Amino acid sequence: MNAARATILVVDDEVHMQGLLKRILEKENYKVESASSGEEGLERLDKGCFDLVISDLQLPGIHGLEFIKKAKELSATTPCIVLTGYGTIPSAVTAMKQGAFEYLTKPADNDEIKSVVEKVLDRHKHTREVERLRAQVGIDSDFSNIVGRSKPMNTLFHVIKIVARSNSTVLIQGESGTGKELIAKAIHHHSPRHDRPFVALDCGTLPETLLESELFGHMRGAFTGAISNKKGLFEDADGGTLLLDEIADTTPAFQSKLLRVLQENEIRPVGNNHIVKIDVRVIASTNRDLKREVDRGTFREDLYYRIAVVPIIVPPLKRRREDIPLLVEHFIKKYCAQNGLEPKSISANSLGLLMNPSWRGNVRELENVIERAVLMSSGPEVKPEALYPVETGEEENRLPLHQATREVKENVERQKIMEALQKAAGNRSRAARFLGISRATLYEKLKTYNLARQN
């Protein structure tokens, strides 16, 4: 945890000890608040957010052990260090069983205090990082989680590497299922912030009040159901990257508050009068044309220009069909491994069936089809009939499989011929060379596909 941002609560009835800890810790760039009793400490915990609590065991009013217990009830994730004399070490052990991280024996020297505090904060940071990584699919040092070798994807990879070096806000636009979150993770992974948290939130899934609470945090009692203080995702992402997915779904009121956050680099938790400084790179994403939303008056123009410093457009699958074989291979390997199956291959007929659909759901839809086909195909090969199983009552509307396969192949072949002719500016000899076929074969296919008159 960045020492400049760690806030520590010291609970001790001895003014001398309070002052000593405050001087030592503030020299290490920690922010320190003090309380003289367990009751006052609980009140401060109830009203604020702390990264660490240091408490004496011998307190007036409620005992230190009771204070530790109640403190964990108020803020379960905040670590505690207990201060104890030589005669109360057994009580310190009991406190650790109740949730304290560590204890210091009085009188503790300056170096010991600094060492234990740093150790506890580092351990707590590591614990939170492990939890975050368990919930987040990591990204390899290259772009292995983003599959593609087409020209649009190579251009995208180049842009990601350039953008990642800066701290500029990024707007990622693309249809649903194109992999916008993967792009955001790749930007984070290749950035100087790669060793700090990557946090994502779908803005379209929460009403405005809960969205503010989730991002900015809230104080206990700020609204119905706010039973304890909670840090928001902006603080969780401190030093790292925050992805705001489906930013177009937010209300104008929220957009106004977000604009101020981006301008001032500070947040105000719901129900709190104090601001919190933040250091977060924001990436926004949407499946809509955000400039069009601005023109319609549903999205603030000033916020648009604030988040669209670097706009990135993710191409839909239909514009990079040459990546489909790579994606299919990737997903077959993935779902064979996940389900403990022997590696499978895919036939040319099966692959041909996958080349021509419009793929309105993009890569996500293709992945869904392959996952099902892997599970439904017995043996070492993904079968054509497993790709699009006939549903009850739909048999009469389906083409026979051999006919569907033939038509798909013919459509693909016709499209390739048209592309070759366009590339050759209508010169059939050159087009035949591009296609790797003889001029006579090209003439036959032009007749077959009724293209002879068009060229």
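What list of ³J(HN,Hα) values in whole Hz, one per residue of the stretch 58-69 in order, does the Karplus curve 6.51 cos²θ - 1.76 cosθ + 1.60 (θ = phi - 60°) give from phi, with Gly and Pro shown as x? Rounded to whole hertz, the list is 8, 10, x, x, 5, 5, x, 5, 5, 4, 4, 4.
Here Lys27 is the anchor, and the aspartates and glutamates within straight C-alpha reach of less than 19 Å, apart from those fewer than 8 places off in the same chain, are Asp51, Asp109, Asp111, Glu112, Glu118, Asp122. Between amide H atoms placed 1.01 Å from N, distances below 5 Å from Ser34 occur with Val10, all of them 5 or more places distant or on a separate chain.
Pro207 sits among other residues whose Cβ lies under 12 Å from its own Cβ, and their net charge, with Lys and Arg +1 and Asp and Glu -1, is -4.
Computed over the stretch 145-220, the P(r) curve from all C-alpha pair distances, binned at 10 Å from the origin, holds 15, 41, 30, 12, 2, 0 percent per bin. Annotation for Glu264 and Glu39: the two label points, set 7 Å from Cα along the Cα-Cβ direction, are 3.6 nm apart. The label point for Glu444 and the one for Lys161, both projected 7 Å from the Cα toward the Cβ, are 4.5 nm apart. Close amide-amide hydrogen proximity is noted between Leu243 and Val199, Ala200, Leu201, Ile283, each under 5 Å apart and 5 or more residues distant or on a separate chain (H modeled in the peptide plane; Pro and chain starts excluded). Annotation: amide H-H contacts under 5 Å for Leu104 (H modelled 1.01 Å from N, sequence separation of 5 or more, or interchain): Val82, Leu83, Thr84.
How many angstrom separate the Cα center of the stretch 189-243 from the Cα center of the stretch 245-262? Centre-to-centre distance over Cα atoms comes out at 14 Å.
Within 10 Å, count the other beta carbons around each residue, average over each peptide in 37-45, 414-422, and list them highest first.
Output ranking for 37-45, 414-422: 37-45, 414-422.
Each residue of the stretch 270-275 is assigned a 3J(HN,Hα), and the resulting list reads 4, x, 10, 8, 9, 8 Hz, derived from the Karplus form 6.51 cos²θ - 1.76 cosθ + 1.60 (θ = phi - 60°), x at Gly and Pro. Please compute the net charge surrounding Met376, taking Lys and Arg as +1 and Asp and Glu as -1 over other residues with Cβ under 10 Å from its Cβ. Taking every other residue near Met376 into account, the sum is 0.
Taken together, the values in this text are just the output of simple stated rules run on the coordinates, not laboratory data. Since the structure is predicted, the reported quantities are computational estimates derived from the model, not experimental observations. Quick reminder, even Gly has a Cβ in these numbers, built from the backbone with ideal geometry, and neighbours come from all protein chains shown.
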